[in-house]
Each structure stands twice: as C-alpha cells, then as structure tokens.
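Trainee: Got a structure for you, written out below as structure tokens; questions coming shortly.
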Amino acid sequence: MNLSSILLFVISKMDGQRTLNAGFHLLRGKKSGQTLTDVEYFNVKPFFGILPKLEDSTYAKAIDELMEAGLLIQDDKFVCLTQQGNKKVEELPEFHFRGWDYRGREMVFFSRIALLVQTLSYMSKGESSFTPIQRDRDTQLFVKRLLERQPYTDPGFSKRIGDELKMALLQSGMSDVQKYIFACRLTGRSETAKTWDQLAAELGEGTDVLRLLFIESLHRLLPIVEESDDFPFLTKSAFEIKVHSYLTDSALHTKKLFDRGHSMESIASIRNLKMSTIEDHVIEMAMNDKRFPVTHFVSEDQIRAVISKSAEMGTKRLKLLKKEFDTLSYFELRLILTARKDVE
Amino acid sequence: MDLKRVLLERFGYENFRPGQEEVIRHVLDNRDTIAILPTGMGKSLCYQLPGIIMEGSVLIISPLVSLMEDQAMRMRRNGEKQVIALTSFLPYIERQRIIGELQNYKFIFISPEMLTQESFGRQLKRLPISLVVVDEAHCISQWGFDFRPDYLRIGDFLKQSGNPPLLALTATADEKVLNDIQRYLGMENPIVQRHSLDRPNISYSIRQVNSAFEKTKWIKDRVTQTVGPGIIYASSRKRADELAIELQLEGVAVQSYHAGKEQDDRSIIQEQFLSGELEWICATNAFGMGVHKDDIRQVIHDHLPPTVAAYIQEVGRAGRDGRPAAATLLYMQTDEQTTSFIIQSDLPGEEEIRHYTKMVSEGNPPGEAAELASLTETGKRVIDYYRERYPLEEILLRLDRLSNEKNEELQQMTQLVKGGACIRQSALSYFGELCRRKPEECCSNCGLNDSGWLYEKESKKSAKERVSWDERITILLG
Ligand SMILES: Nc1ncnc2c1ncn2[C@@H]1O[C@H](COP(=O)(O)OP(=O)(O)OP(=O)(O)O)[C@@H](O)[C@H]1O
Ligand SMILES: [Zn+2]
C-alpha cells in the first residue's frame with residue numbers, strides 16, 4: 001500500500017469526472033461543499049481525511065509517478081485511468097480505511113493507548129516517575145480519568161490490559177506488519193517506541209507507506225473495540241473518537257436555522273454569509289440525512305428527469321447536465337444528484 | 001531560623017547547594033531578589049522552602065506550559081499536595097473550578113497570559129500572596145526564541161496587586177538583561193544573588209575549519225572515536241538531518257531533533273536519548289529545555305550561536321553530574337554571515353510592520369493580517385504589545401534598536417570565537433564575572449591535552465534483538 005495505489009483507486013472511482021485537485025481535497029478531508037458532495041457521488045467515504053497533513057508536493061509526486069508509469073492520463077482538465085491503469089486497479093489489495101468515520105481522530109485514540117500503556121508499564125513495576133510520552137493535555141487528563149479508582153499499580157491489572165490489547169489486535173484482521181508497527185509505536189519502562197524513520201530503515205519501506213498502514217490498522221481496530229464488550233478499556237479509550245455529527249459546525253448552525261423555518265436567503269443574511277456557503281451547507285445536510293426534504297427545493301418531476309438524463313448520458317458532470325436543464329441552477333442540480341440515492 | 005533542619009525534614013537534603021541558602025534568606029526577609037543560578041542546580045528549592053515557612057500562597061509565573069506541568073508534577077511526587085498548574089490549555093470548566101478554589105493551593109503555577117484574564121485577576125486579589133516568583137525571568141528581555149511579550153505584562157499586574165515580594169529566577173543574565181528584569185518588573189533595590197556561572201568540569205574548545213565538508217568529517221571522526229552521550233547543535237533542520245544521516249552510516253546510534261518532526265516522534269527521540277538507546281542527538285536550538293539528563297559528556301556546535309548567552313546555555317547542558325565534559329565549537333569564515341542572516345529574517349522588517357499595522361487599523365482580523373504581512377508568531381505578539389503603547393514610528397525605532405542589539409550580541413559571540421583569549425574568562429566576563437581559578441582542562445586557547453577520558457569508549461552494545469509484536473506487549477505490560 002502506498003499513496004499512489006490509493007490515488008489510483010480513488011481516481012478510478014471518480015470515473016474521469018474530476019480534476020486532480022479533487023483527490024487531494026478528499027484525502028485531506030476538506031470540508032467544502034464540492035468535496036463533501038464528491039464523497040457521496042463517488043462512494044469514496046473511506047478515504048475522506050485519511051491524510052489531513054498531506055503536502056501538495058507529496059501529492060504531486062505520487063501523481064507524476066502514476067503518469068510516468070502510464071496508468072493515468074489527464075485530458076484537458078480531468079484525470080482518468082488508462083487501460084493499463086484499470087487493470088492495475090483490479091489487482092490492488094482491498095483497502096480497509098474508514099476515513100469518513102474517524103477523520104484523523106484515530107490518532108487521538110492511539111495517543112490515549114500509548115499513554116495508558118506507558119503509565120501502566122511504570123506503575124505496575126512500582127515506579128511513578130516518568131516523562132509522559134504524550135504532551136497533549138487532553139490526552140493526559142483522559143488517561144488520568146480512565147485510571148481513576150483502578151488498581152493501576154497491580155501487575156495483574158496491567159497484564160489484563162495487555163491481553164485485551166493483544167486479543168483486539170488479533171481480531172481486527174490487521175496484517176502482521178501492521179501489528180508490528182502498532183506495537184513498535186508503544187513506549188514503556190523497558191522499551192521505547194521507534195520513530196517512523198527507524199521503522200522505515202528496519203522494515204525497508206518508506207515512512208509514508210508505514211504511516212498509511214498504521215492509519216489503516218487503527219481504522220480496523222476501532223470498529224472492533226466499539227462494537228464488542230470484550231475490550232472494556234479499549235472501548236473506553238475509543239470514547240468520542242468516531243464522528244457523531246457528520247455535519248461541519250457551520251453547517252450545523254445553518255441546519256438549526258433551517259429547522260426553525262428560515263429560508264436560505266434569510267439564513268444567509270442572519271449569519272452574514274455568502275449564499276454559496278449556505279448552499280454548501282444545504283447539500284451537506286441532504287447528504288447526511290436520508291429524509292432531507294429535497295422537494296422543498298425541487299419538484300419530484302425535476303428529480304426524475306435529471307436522474308434519468310444523467311443515467312442516459314452516463315455522466316454526473318454538472319456542466320453537461322446544466323446544458324440540458326437550463327432552468328435549473330447548479331445548486332439545484334447538485335442537490336438532486338446528492339439526494340438521488342433515495343429516489344433510485 | 002534553622003533552615004537546614006527544614007531542608008532535611010521536608011526535602012531530605014543534608015546541605016544547601018551553593019547560592020540556595022542566601023536566596024532563601026533574602027526571600028524570607030521580604031526583599032525583592034534576583035537569583036542567578038545555573039540550570040539544574042536547584043532553583044525551585046529557592047521558592048519551595050520559603051513557601052512552606054511563609055503564610056499565604058506562592059504564585060509562580062513560568063513561560064512554558066510543559067515545563068510548569070513537569071515542575072508541578074515533580075513537587076506533587078515529592079509529597080507537596082497543594083500544587084496546581086493553571087494554564088489556558090485547561091478546559092474552561094476545569095479552569096473555572098480551580099480558580100474558584102485557589103485558596104486551597106500553596107503553590108500556584110501560571111502562564112503569563114493568565115494574568116490578563118479577568119476572573120483570575122479578581123480571585124487573585126482576594127488571595128493572600130506571600131511571594132511572586134518569575135521563573136526564567138530573562139524571557140522578559142530577549143527577542144526571538146526566548147522572548148515572551150506576555151512577560152512584559154507582569155509589571156502591570158504586580159503594580160495592581162500592591163507589589164508583593166518578588167523573586168526573579170534566571171540561569172543566564174548579563175547586565176543588560178538584569179537591568180531589563182529590574183525595570184520591567186518594577187523592582188526596587190533588589191538584591192542580586194549571583195552564583196558563578198563557571199562550570200569547571202566543562203572544557204571549551206574552538207576549531208577553525210575551512211568548509212562544511214571539513215566540519216562533517218571532523219564530527220564523524222570525533223563521534224566514532226570519543227564518548228557520548230552528546231548533543232550536536234546545527235543551524236538548520238536540514239543540516240541536523242544531514243549530520244544525523246552521515247553519522248548513522250557510521251553505525252552511530254543517533255537521530256535528528258527539530259520542530260519539523262511530528263510531536264510523537266520528538267517525544268520518542270527524547271525518551272530514547274534519556275534511556276541511552278540513542279547516544280547522540282543532532283538538533284536545532286529546539287532541543288534542550290526541560291531535558292533532564294545528567295550524564296551528557298559532549299556538546300558540539302556545528303554553527304555559530306547568535307549570542308554568548310545562548311552558547312553558554314547550550315553548553316551548560318553537558319556534565320551536570322559534575323564529571324568531565326567537553327564543549328567544541330566548529331567555526332568557519334562564513335558562519336557569521338549565516339547566523340546574521342537567520343537573526344535578521346526572524347525580525348519583522350519595516351515594510352512588514354507598516355503593512356501589518358495598516359491592515360489592522362483598517363479593521364482586518366489581526367491573525368489574517370499577520371499572515372499576509374508574513375509576520376512570524378513571535379513578531380506578531382511583539383508588535384501587538386507595542387501597538388497598545390506606542391505610535392508606529394516609535395515601534396519602528398524600537399525594532400531598529402533591537403536589530404542593532406542583536407548584531408552587537410553576534411559580534412560578541414564572534415569575538416569570543418576569534419579573539420584567541422581564554423574562552424572561559426571571556427565568556428564569564430561577558431556576564432560580569434571574574435574567573436578566579438582556571439581548571440586544568442580549561443580551553444583550547446589555554447591549551448588542552450587530549451583528555452584521556454574522552455577516548456574511554458565502551459564497546460558498542462550489540463543491536464537489540466527484534467521482538468515480535470505480542471512479545472513486545474508482554475514486555476511492556478506483563
Ligand atoms: N540542596 C540540594 N541538595 C541535593 N539535591 C538538590 C538540592 N536542591 C535541589 N536538588 C536537586 O537538584 C535537581 C534539580 O533541581 P530543580 O528541579 O530545582 O532544578 P532547576 O534549577 O529548576 O533546573 P531547570 O532549570 O533545568 O528546571 C532536583 O533533582 C532536585 O531534587
Ligand atoms: Zn582558558
């Protein structure tokens with residue numbers, strides 16, 4: 001697994017209908033209307049925000065590699081796969097990301113575990129003095145609360161947590177390398193974690209590859225501990241990691257006003273925001289709520305017409321559809337395409 | 001009063017370290033005191049002990065949240081339960097709760113920006129305060145890495161709270177800095193308690209070379225032939241990385257450390273260095289504050305530090321255990337220019353300042369304006385502080401003066417390196433101190449014999465065996 005292979009997969013999903021930037025924004029988890037709509041259109045939720053700190057130079061390099069290998073081509077604006085690229089996609093291993101659910105917060109989960117393990121590793125051996133490996137105040141408070149009224153100086157207790165961790169890693173279905181990376185990022189009294197550079201040298205892989213493997217492994221581990229009763233401490237460590245409101249804060253604010261019966265124009269003026277921003281929010285709301293009243297904005301007939309035309313032309317490109325439906329605005333078209341799933 | 005008994009009963013130490021008792025006596029006499037003690041020599045005892053004896057709370061203002069949390073933790077571990085570290089990083093609710101019950105705490109650590117918070121200020125006024133401690137007091141004076149504009153507000157705060165007794169603590173202070181501390185904290189006739197900054201167990205040497213290549217070569221030879229643990233200070237992240245890679249190729253257990261690395265990796269590297277898994281660190285000046293490691297044997301400078309104070313502080317991380325340690329600075333002709341360039345690019349220029357103030361006065365949000373004017377984070381804070389007090393032309397004047405001062409400081413550092421006089425003496429005289437006795441291993445200008453201890457290198461520990469993931473968890477958790 002590496003950035004290029006993920007890109008190849010994502011671009012194949014986008015079906016030659018998006019520019020190069022779309023993939024970049026997707027991986028970084030940009031919360032703009034366009035990216036959020038893309039996520040839904042093209043079924044790429046698992047990859048949303050898996051690399052929040054991706055640099056554009058890194059991205060450009062991965063794209064160049066794909067082009068040089070003859071897997072990608074760019075026609076005037078959009079990118080799509082070559083035949084060779086399509087074949088390559090078939091051979092890709094399955095990805096297990098859950099970006100939409102975690103959006104980078106899997107790292108918070110891991111920080112908690114890292115500090116928990118370090119604390120127990122010292123405490124269980126009767127040592128209460130160590131430099132916390134996690135500097136973040138929230139993480140420190142979280143672990144402190146987690147251990148309140150627990151027998152944390154008891155070696156039996158730390159062993160129990162160790163067993164819980166081992167079992168969860170086994171059940172998560174992550175690969176052996178992933179388990180190894182996970183364990184090597186843990187620090188304690190007798191072992192110190194390894195940096196990404198050190199792991200890269202040891203395993204003969206690039207640091208980006210290792211980081212992706214690590215993120216994916218957390219995305220496999222989290223659902224396991226969220227859904228099972230067998231891992232009480234890991235379950236607690238996963239508290240509020242999964243995104244519970246899929247709306248951005250700003251969209252949530254708009255939704256409140258909308259639910260109170262304000263029109264889009266009225267919301268725009270109350271919030272002193274541009275109309276296009278409010279439109280993005282409405283799209284976001286429609287995406288996240290199956291019962292969103294689309295017919296507030298467009299008629300059933302219009303929906304049906306657009307959907308069937310889109311199927312007939314085999315495209316979701318707004319520009320092309322706009323030519324066919326001159327009376328509909330871009331916003332209305334986007335809304336229909338977003339909500340189409342319910343109509344189908 | 002029998003301070004020694006308190007020392008033994010409450011802290012378990014037989015004797016005071018040099019300087020401690022004097023400072024404590026001044027504080028107990030309610031005199032404003034500036035204490036200059038080398039780092040790691042037990043500054044915190046200077047307020048802990050009086051705090052126990054005096055009625056009321058001790059307020060400790062500290063520049064770095066992480067440092068103050070460490071300190072509070074260490075005190076708690078040593079049995080002092082009435083300690084709290086109050087920072088703006090605490091969740092709001094928790095902060096309010098603590099503020100509401102401040103009277104329950106004897107030692108209250110705060111970061112300077114807390115002073116501007118109203119609810120805190122109000123609560124503080126009701127609190128009987130026996131002593132205010134300003135830790136790392138030199139932060140009030142310096143520009144750049146250490147300068148904390150928030151520190152300048154401490155003076156205002158003290159005036160409002162009726163000038164409680166004050167203790168300013170710092171490790172490095174020359175006359176100029178001392179004056180600033182006095183002036184900005186509004187101290188009246190403070191007693192200045194100075195402990196010698198001389199570290200007799202450290203030998204200083206300076207080596208002239210002709211190229212960066214020669215530096216690299218020297219460092220490679222040195223590190224493979226002599227003992228660690230050690231720190232190599234470089235001027236840039238890139239150079240730190242480069243040196244680390246060169247040394248790794250020689251089989252040295254080394255990593256680079258700088259602000260460009262992700263936080264987790266930085267913590268890991270620090271931990272590996274403390275535990276001895278790493279023998280060397282190649283770092284920028286981001287490394288060192290709050291690192292408590294006593295057995296550092298060597299500090300090597302691959303670049304010219306911007307001030308003598310910075311140099312002495314970095315070198316002072318070596319040999320805290322009292323055993324011999326060596327400091328080496330590699331110098332080549334262009335180093336002065338390189339450092340000068342770095343200093344100047346840290347300072348906001350006239351154009352940037354004008355641009356920024358104009359945009360802000362036109363009602364743009366300061367954050368955005370700073371970004372557009374390409375001001376650094378520190379630059380913005382400084383200008384914001386000045387803007388409240390002075391007109392634009394005055395700000396420009398002041399920053400101009402600052403830039404000149406920076407240059408002068410660099411000149412002093414260059415003089416130390418090129419002057420050919422005893423390095424120890426020159427450095428000490430810069431802090432207004434006389435060097436009474438030179439140790440045998442003084443400096444390269446006095447003549448150094450190749451010290452035997454440097455070459456007593458133990459054979460390398462064989463690389464750790466690779467353990468599987470579940471074994472590793474077992475090792476950690478049992
Ligand atoms: N009188 C004493 N006798 C023996 N040990 C002492 C004495 N005073 C302090 N120490 C020890 O010296 C160490 C350093 O003390 P402290 O934490 O106060 O350092 P510091 O000067 O604040 O250092 P830094 O500037 O690095 O934070 C501590 O471990 C402390 O217990
Ligand atoms: Zn000398």
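The values are calculated or read from the model by the stated rules, or taken from the named source; none is laboratory data. In this text, all values refer to a predicted model and were calculated from it rather than measured experimentally. A quick note on method: Cβ atoms are made from the backbone with ideal geometry, for glycine too, and the neighbour counts reach across all protein chains shown. Heads up: the accessible areas ignore ligands, DNA and RNA and are worked out on the full protein's heavy atoms, side chains in. Shrake-Rupley method; radii C 1.70, N 1.55, O 1.52, S 1.80 Å.
This table checks each residue for (1) within 12 Å of ligand 1 (Cβ to nearest atom); (2) within 27 Å of B:Gly432 (Cα to Cα); (3) not assigned by TED's automatic domain parsing to the domain that holds B:Val132.
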residue	(1), (2), (3)
B:Val27	no, yes, no
B:Asn30	no, yes, no
B:Thr33	no, yes, no
B:Leu45	yes, yes, no
B:Met68	yes, no, no
B:Met73	yes, no, no
B:Asn78	yes, no, no
B:Gln82	no, no, no
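Trainee: Among the residues of the range B:232-257 satisfying the criterion of being within 13 Å of another protein chain (Cβ to nearest Cβ) and outside any helix (DSSP H, G or I), which is surrounded by the fewest Cβ atoms within 10 Å (Cβ to Cβ)?
Mentor: Going through the qualifying residues, I end up with B:Gly251.
Trainee: Next question, about the same structure. Could you give every pair whose Cβ atoms fall below 8 Å, whose first residue belongs to the range B:438-467 and is in the same structural domain as B:Pro229 (by TED's automatic domain parsing) and modelled with pLDDT under 85, and whose second residue is among the acidic types (Asp, Glu) and away from ligand 1 (no atom under 16 Å from the Cβ), counting only separations of at least 6 or pairs across chains?
Mentor: Final answer for the pair search is B:Asn449/B:Glu441; B:Ser451/B:Glu441; B:Arg466/A:Glu202.
Trainee: What about A:Thr195, is it open to solvent by 30 Å² or more (accessible area, probe 1.4 Å) and within 11 Å of chain B (Cβ to nearest Cβ)?
Mentor: Judged against the criteria, A:Thr195 is not a match.
Trainee: Where in the range A:1-46 are the helices (runs of 4 or more DSSP H), entirely inside, with at least 2 residues that are open to solvent by less than 30 Å² (accessible area, probe 1.4 Å) and closer than 22 Å to A:Glu332 by Cα?
Mentor: A:33-41
Trainee: Here's another thing I want to ask about it. Out of (1) surrounded by 19 or more Cβ atoms within 10 Å (Cβ to Cβ); (2) more than 15 Å from ligand 1 (Cβ to nearest atom); (3) not in a helix (DSSP H, G or I), the odd one out for B:Pro38 is which?
Mentor: Among (1) surrounded by 19 or more Cβ atoms within 10 Å (Cβ to Cβ); (2) more than 15 Å from ligand 1 (Cβ to nearest atom); (3) not in a helix (DSSP H, G or I), B:Pro38 violates only (2).
Trainee: Which pairs turn up if I take residues in the range B:75-103 that are away from every other protein chain (no Cβ under 13 Å) and in a helix (DSSP H, G or I) and look for partners that are of a type in the set (D, E, K, R) and surrounded by fewer than 17 Cβ atoms within 10 Å (Cβ to Cβ) with beta carbon separation below 8 Å, at least 6 apart in sequence or on another chain?
Mentor: B:Gln103/B:Arg126
Trainee: Go through B:Arg207, B:Arg239 for me and flag whichever is of a type in the set (D, E, K, R) and closer than 19 Å to B:Ala318 by Cβ.
Mentor: From the options B:Arg207, B:Arg239, the qualifying one is B:Arg207.
Trainee: Quick check on the range B:285-293. Is at least one of its residues modelled with pLDDT of 90 or more, open to solvent by 10 Å² or more (accessible area, probe 1.4 Å) and of a type in the set (Lys, Arg)?
Mentor: Among the residues of the range B:285-293, not one is modelled with pLDDT of 90 or more, open to solvent by 10 Å² or more (accessible area, probe 1.4 Å) and of a type in the set (Lys, Arg), which makes the answer no.
Trainee: While we're looking at this one, here's another question. What residue, of B:Arg199, B:Arg297, is away from ligand 1 (no atom under 16 Å from the Cβ) and among the charged types (D, E, K, R)? Quick ask: steps written out before the conclusion?
Mentor: Working: B:Arg199 fails: away from ligand 1 (no atom under 16 Å from the Cβ).
After ruling out the rest, the residue left standing is B:Arg297.
Trainee: Could you please tell me which pairs satisfy a Cβ distance under 7 Å, a separation of 6+ or placement on different chains, a first residue in the range B:6-21 that is open to solvent by 90 Å² or more (accessible area, probe 1.4 Å), and a second residue that is within 16 Å of ligand 2 (Cβ to nearest atom) and outside any helix (DSSP H, G or I)?
Mentor: Nothing qualifies.
Trainee: How many residues are under 28 Å from A:Gln150 (Cβ atoms) and either of a type in the set (S, T, N, Q) or open to solvent by less than 10 Å² (accessible area, probe 1.4 Å) (or both) if we restrict to the range A:239-263?
Mentor: Residues flagged as under 28 Å from A:Gln150 (Cβ atoms) and either of a type in the set (S, T, N, Q) or open to solvent by less than 10 Å² (accessible area, probe 1.4 Å) (or both) within the range A:239-263 amount to 1.
Trainee: Can I ask one more? Could you look through the range B:403-425, keep only residues that are among the hydrophobic types (A, V, I, L, M, F, W, C) and within 16 Å of ligand 2 (Cβ to nearest atom), and pick out the one that is most open to solvent (accessible area, probe 1.4 Å)?
Mentor: B:Ala421
Trainee: Being open to solvent by 70 Å² or more (accessible area, probe 1.4 Å) and out of contact with any Phe, Trp or Tyr (no Cβ under 7 Å at 6 or more places or on another chain) is true for just one of A:Glu312, A:Glu284. Which residue is that?
Mentor: A:Glu312
Trainee: Next question. Among residues belonging to the range A:74-92 that are assigned to a strand (DSSP E or B) and open to solvent by 50 Å² or more (accessible area, probe 1.4 Å), point out the one that is farthest from A:His219 (Cα to Cα).
Mentor: Among residues in the range A:74-92 that are assigned to a strand (DSSP E or B) and open to solvent by 50 Å² or more (accessible area, probe 1.4 Å), the one farthest from A:His219 (Cα to Cα) is A:Asp75.
Trainee: Would you please list the contacts, defined by Cβ atoms under 9 Å and residues six or more apart or on different chains, that run from a residue in the range B:415-428 that is under 19 Å from B:Gln333 (Cα atoms) to a residue that is assigned to a helix (DSSP H, G or I) and near ligand 2 (Cβ under 9 Å from one of its atoms)?
Mentor: Taking only residues 6 or more apart or on different chains, the pairs are B:Gln415/B:Ser426; B:Leu416/B:Ile423; B:Leu416/B:Ser426; B:Val417/B:Ile423; B:Gly419/B:Ser426.
Trainee: Can you confirm whether A:Ser128 is out of contact with any Gly (no Cβ under 6 Å at 6 or more places or on another chain), surrounded by fewer than 20 Cβ atoms within 10 Å (Cβ to Cβ) and at the interface with chain B (Cβ under 8 Å from one of its Cβ atoms)?
Mentor: Working: out of contact with any Gly (no Cβ under 6 Å at 6 or more places or on another chain): yes; surrounded by fewer than 20 Cβ atoms within 10 Å (Cβ to Cβ): yes; at the interface with chain B (Cβ under 8 Å from one of its Cβ atoms): yes.
Judged against the criteria, A:Ser128 is a match.
Trainee: Could you please find all residues in the range B:367-393 being modelled with pLDDT under 85, open to solvent by 60 Å² or more (accessible area, probe 1.4 Å) and in a helix (DSSP H, G or I)?
Mentor: B:Glu368, B:Glu371, B:Leu372, B:Glu377, B:Arg381, B:Arg387, B:Glu388, B:Arg389, listed by residue number.
Trainee: Restricting the search to the range A:315-325, which residues are open to solvent by 50 Å² or more (accessible area, probe 1.4 Å), in a helix (DSSP H, G or I) and under 28 Å from A:Thr248 (Cα atoms)?
Mentor: Residue satisfying the conditions is A:Lys319 alone.
Trainee: If A:Gln140 meets every condition in (1) buried (at least 17 other Cβ atoms within 10 Å of the Cβ); (2) under 25 Å from A:Phe48 (Cα atoms) apart from one, which number is that one?
Mentor: (2)
Trainee: Suppose the filter is assigned to a loop (DSSP other than H, G, I, E, B) and surrounded by 13 or more Cβ atoms within 10 Å (Cβ to Cβ); does B:Asn364 pass it?
Mentor: So B:Asn364 fits the description; yes.
Trainee: Moving on. Among the residues of the range B:210-231, what is the count of those that are under 18 Å from B:Gly288 (Cβ atoms) and buried (at least 22 other Cβ atoms within 10 Å of the Cβ)?
Mentor: Step one: filter the range B:210-231 for residues under 18 Å from B:Gly288 (Cβ atoms), giving B:228-231.
Keeping just the survivors that are buried (at least 22 other Cβ atoms within 10 Å of the Cβ) gives B:230-231.
Going through the range B:210-231 one residue at a time, the tally reaches 2.
Trainee: Select, from A:Met67, A:Met107, the only residue that is within 20 Å of the chain's Cα centre (by Cα) and at pLDDT 90 or above.
Mentor: Matching residue, one of A:Met67, A:Met107: A:Met107.
Trainee: Looking only at the range A:264-281, count how many residues are farther than 21 Å from A:Thr338 by Cα, buried (at least 22 other Cβ atoms within 10 Å of the Cβ) and not hydrophobic (A, V, I, L, M, F, W, C).
Mentor: Residues in the range A:264-281 being farther than 21 Å from A:Thr338 by Cα, buried (at least 22 other Cβ atoms within 10 Å of the Cβ) and not hydrophobic (A, V, I, L, M, F, W, C): 0 in total.
Trainee: Let me ask another. Among the numbered criteria (1) within 11 Å of chain B (Cβ to nearest Cβ); (2) surrounded by fewer than 17 Cβ atoms within 10 Å (Cβ to Cβ), which single criterion is violated by A:Tyr180?
Mentor: It fails just one condition, (2).
Trainee: Which of the numbered conditions does B:Lys106 fail, given that it passes all the others? Conditions: (1) in contact (Cβ under 8 Å) with a residue 60 or more places away in the chain; (2) touching an Asp or Glu at 6+ places or on another chain (Cβ under 9 Å); (3) farther than 28 Å from B:Phe287 by Cα.
Mentor: (1)
Trainee: Take the conditions away from chain A (no Cβ under 14 Å), surrounded by 14 or more Cβ atoms within 10 Å (Cβ to Cβ) and either in contact with a Ser or Thr (Cβ under 8 Å, 6 or more places away or on another chain) or assigned to a helix (DSSP H, G or I) (or both) and apply them to B:Gly121. Does it pass?
Mentor: When the stated conditions are applied, B:Gly121 passes them.
Trainee: Given the range A:93-175, what helices (runs of 4 or more DSSP H) lie entirely inside it while holding 2 or more residues that are farther than 25 Å from B:Arg74 by Cβ?
Mentor: Hits in the range A:93-175: A:99-102, A:106-123, A:155-171.
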